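Values in this text are rule-based calculations from the coordinates and carry no lab data. What you see is a predicted model, and the numbers here were worked out from it, not measured in a lab. All Cβ positions, glycine included, derive from the backbone under ideal geometry; neighbour counts span all protein chains shown.
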Amino acid sequence: MFAPINDLMLAIVDFVSHLLQKAEQFAAMIKTYEEMNDMQDRLLRRRDVEKITGVSRSSIYRLMQEGEFPRPVRVGPSAVRWKASDINAWIESRPVARSQFS
């Protein structure tokens, strides 16, 4: 008579244990995601910005003058860097090219 209840209790304990294990894995995934978001604010050199955006040096500075491109942050007397998050936001704000065939 008590065997089915004991089996049920063992099954519940196993299930709860499994849920706790999954919760720990989920917490680790959230931490990794947060670390990746923190990396988004790394600082980029101009040549990296050029590669990422496909925009030339002269165009970057022209667009900055026009208020159309993120401004860099000064990291030294003669050195500047761009926040990766600013560059990513600028890229996301650009209109999507439309195909002439659609």
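Could you order the peptides 72-84, 11-23, 56-68 from most to least packed, using the average number of other C-beta atoms within 10 Å per residue?
Result, highest mean Cβ count within 10 Å first: 72-84, 56-68, 11-23.
Among Ala89, Ala79, Val49, which residue has its Cα furthest toward the positive end of the charge dipole of the chain, with +1 on Lys/Arg Cβ and -1 on Asp/Glu Cβ?
Going by the charge dipole, the pick is Ala79.
Straight-line reach from Lys31: which lysines have a Cα under 26 Å away, not including same-chain ones fewer than 8 places off?
Lys22, Lys83
P(r) of the chain in 5 Å steps, Cα pairs, percent per bin?
P(r) over the chain, rounded to whole percents: 2, 10, 13, 14, 10, 8, 7, 6, 6, 5, 4, 4, 4, 3, 2, 1, 0.
Note down the nm distance, to one decimal, between modelled labels 7 Å out along Cα→Cβ at Ile12 and at Glu66.
6.8
Using modelled backbone amide H atoms (1.01 Å from N, in-plane), which distant-in-sequence or interchain residues come within less than 5 Å of Val80's amide H?
The answer is Val75.
Nothing charged except the Cβ atoms of Lys and Arg (+1) and of Asp and Glu (-1): what's the magnitude of the dipole of the chain about its Cα centre? Round to the nearest 20 debye.
960
Using R₀ = 35 Å, calculate the FRET efficiency as 1/(1 + (r/R₀)^6) where r is the Cβ-Cβ separation of Arg42 and Ala97; round to 0.05.
That gives a FRET efficiency of 0.80.
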